[in-house]
Amino acid sequence: MLCAQVGPEHGGTGLDSRANGELTARVGARCSSLRSVMTSQGMAAWTVRRLGGPEQWDTFLPRLTSGDLAAVGFSEPGAGSDLSAMETEIADDGAQVVVTGRKVWITAAHYADLLVVFGTYRGGATAVVVPAGAPGVRITRVPNPLGCRAAGHADITLDAVRVPADHVLGGTGLPLPLATTAALTYGRMSVAWGCVGILRACLDAAAAHTTTREQSGRVLAEHQLVARHLAELYVAERHATRACEHASASWDTGSPDMAVDAVHAKYVASREAAEGAARAVQLLASAAASDGHVVARAYRDAKLMEVIEGTSEICQLILAQHTRKPTQHTRRKVQA
Amino acid sequence: MTISSKPGSHTAETVAQEVQRFLEQRTKQTWDPDTDLFSSGAVSSMFAMELVVHLESSFDVVISGPDLALDNFRTVNAMTAMVLRLREAQP
Ligand SMILES: Cc1cc2nc3c(=O)[nH]c(=O)nc-3n(C[C@H](O)[C@H](O)[C@H](O)COP(=O)(O)OP(=O)(O)OC[C@H]3O[C@@H](n4cnc5c(N)ncnc54)[C@H](O)[C@@H]3O)c2cc1C
């Protein structure tokens, strides 16, 4: 269930992107922490599928569908938005590789059995599957995150960690932007659908509250300024849902636009969720002002969705780049 | 009857034509079969992913692991060679 798009041949349920999206939204409406763990697990499975070869699918995917938890590490102290600054190194040493580096803010790393760690390899980059218990791995939980507080975010130190060479996905160096984009495309879909869930939870809570609480002699929803907030919240939920449905359809039909549609969906849904959650807090006012309330949690969690899997600004840069077609006249390197 | 279980039959010529058609549609220019897309053009990681997914869905192949190496996407000829090799290897 945590990585429901993995096929039955590897012990998964083989959902398509649309069905997995609806499942992700349902979980996301109740708990963004659990949804974040799902995002990491699904992204780990997708990374193995994309970057790994068939033997690696057979080795790792059944573990991910049968209870082992996984986290995916891109971010480093010096490499947040700019993943080309990544310093983690995967180095050959006979039948093993040696992994050295630091990762920060890795969702689910506190719970994980397997760490899918991105790093440079043979002049390019790829990911390596590192057992969380391997000698040289140190995992330190991030204290007091703003949101998704139960998602087990942790920093990871890899001090000359040795793993078998066949844990290096694909066994070769790939262009870093392609390797990370391939992996992040799944994560972006998952976060986007999770944001749809956040919006649905906010809409339900706001509708329930404003149709029962009375002020100035009528229920809140009958005050026009309140009604407008409700309309905007509904529009936000629809808007995010449509962007996600479109991106999932691209995924499910193998449209070449699937990667850029995933960026678009993540950008739209996280923006709508952050705005919508703030609107829901406004509508519930003091009723949503204590920390454990579903709308209070949505407010804290949604803001972080504008940060992860490519910040809103990075999404904007990718979308702007997409509008500019490649030409044979400009000279430019492959870039994120 | 065809030997391959893949739908449609493809030759180097038909694959190359389809790749060129796609590049032209996406970039509004024509590409010689051996022009280096990466050194001569602005190719973003999004565009590289477009190529990967388009080749997969047009020719019913899976491009994963080492096949994602940039050299396989550098020219129309390189993409054609990879597609034919994968269609052979993934019946
Ligand atoms: C809750 C949470 C969970 C996370 N989970 C994971 C995980 O599982 N795995 C993982 O690898 N990482 C994870 N991260 C890390 C996350 O991916 C990074 O925080 C994110 O990529 C941004 O990097 P940064 O925080 O270093 O910000 P910075 O890159 O320092 O950015 C700071 C600000 O500057 C802007 N900025 C930066 N560069 C540019 C630019 N070129 N143009 C315009 N604006 C720019 C950014 O948009 C942002 O607003 C998580 C983070 C959080 C908060």
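The values are calculated or read from the model by the stated rules, or taken from the named source; none is laboratory data. As the structure is a computational prediction, the values presented were derived from the model and not from experiment. When we count neighbours, we look across all protein chains shown, and the Cβ atoms used for this are built from the backbone with ideal geometry, even at glycine. Accessible surface areas use protein heavy atoms only, side chains included; no ligands, DNA or RNA. Shrake-Rupley method; radii C 1.70, N 1.55, O 1.52, S 1.80 Å.
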With +1 on each Lys and Arg Cβ and -1 on each Asp and Glu Cβ, and nothing else charged, work out how big the dipole of chain B is about its Cα centre, in Debye to the nearest 20.
140 debye
What list of ³J(HN,Hα) couplings, whole Hz, do you get for segment A:144-150 from phi and the Karplus terms 6.51, -1.76, 1.60, once you set θ to phi - 60° and write x for glycine and proline?
6, x, 4, x, 6, 5, 9
Ignoring ligands, DNA and RNA, what percent of the accessible area of segment B:9-89 is carbon or sulfur (1.4 Å)?
49 percent
Among A:L178, B:A12, B:V83, pick out the residue whose Cα is farthest towards the positive end of the charge dipole of the protein assembly as shown, where Lys and Arg carry +1 and Asp and Glu carry -1 on C-beta, about the Cα centre.
A:L178
Note down the relative contact order for segment B:9-89 as a percent, whole number, built from C-alpha pairs under 8 angstrom at least six residues apart.
41 percent
Under the Karplus relation with 6.51, -1.76 and 1.60 and θ = phi - 60°, whole-Hz ³J(HN,Hα) for segment A:161-166, x at Gly and Pro, equal 7, 9, 9, x, 4, 6
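Could you check how much of the accessible area of segment A:23-71 is carbon and sulfur, as a whole percent, using a 1.4 Å probe?
Values: 930 of 1660 Å².
Using a 1.4 Å probe with all protein chains present, segment A:23-71 comes out at 56 percent carbon and sulfur.
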Once normalised by the length of segment A:177-325, the mean sequence separation of its alpha carbon contacts under 8 Å that are 6 or more apart gives a contact order in percent of 31 percent
Could you pull out every residue, at least 5 positions away or on a different chain, whose amide H is within less than 5 Å of the one on A:V163? Hs are placed 1.01 Å off N in the peptide plane, and Pro or chain starts have none.
A:V97, A:V99
Rounded to the nearest 500, what is the 222 nm mean residue ellipticity of chain A from helices alone, with -39500 (n - 2.57) per DSSP H run of 4+ residues and division by all residues?
-16500 deg cm²/dmol
Can you tally the net charge around A:T100? Count Lys and Arg as +1, Asp and Glu as -1, for every other residue whose Cβ sits under 10 Å from the Cβ of A:T100.
-2
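How many times 2.2 N^0.38 Å is the alpha carbon radius of gyration of segment A:177-325? List each step's numbers first, then the result.
On the way: Rg = 17.1 Å, N = 149, 2.2 N^0.38 = 14.7 Å.
Dividing the Cα radius of gyration by 2.2 N^0.38 Å gives 1.16.
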Once both axes come from the Cα atoms, what is the angle between helix B:76-89 and the longest principal axis of chain B, in degrees from 0 to 90, rounded to 10?
20 degrees
Debye equation applied to the C-alpha atoms of segment A:3-144, log10 I(q)/I(0) at 0.18 Å⁻¹:
-1.11
Counting Lys and Arg as +1 and Asp and Glu as -1, each charge on the Cβ, what is the dipole of the protein assembly as shown about the Cα centre in debye, to the nearest 20?
1060 debye
At q = 0.16, 0.18, 0.23, 0.25 Å⁻¹, work out log10 I(q)/I(0) for segment B:9-89 with the Debye formula, treating every Cα as an identical point scatterer and leaving solvent out; two decimals please.
-0.52, -0.67, -1.17, -1.42
Once accessible area is computed for B alone, A alone and the pair with a 1.4 Å probe, the total buried surface, to the nearest 100 Å², works out to 2900 Å²
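So which DSSP H runs in chain A come out at 18 Å plus along the axis (Cα) with average Kyte-Doolittle of at least 0.0?
Taking the DSSP H segments of chain A (at least 18 Å long, mean hydropathy at least 0.0), we get A:32-51, A:176-210, A:258-284.
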Long-range amide H partners of A:A132 with built H, under 5 Å:
A:L114, A:L115
With every protein chain present, what is the per residue accessible area of the protein assembly as shown (1.4 Å probe, Å²)?
43 Å²
How much of the calculated P(r) for chain A lies past 25 Å, in percent of all Cα pairs?
52 percent
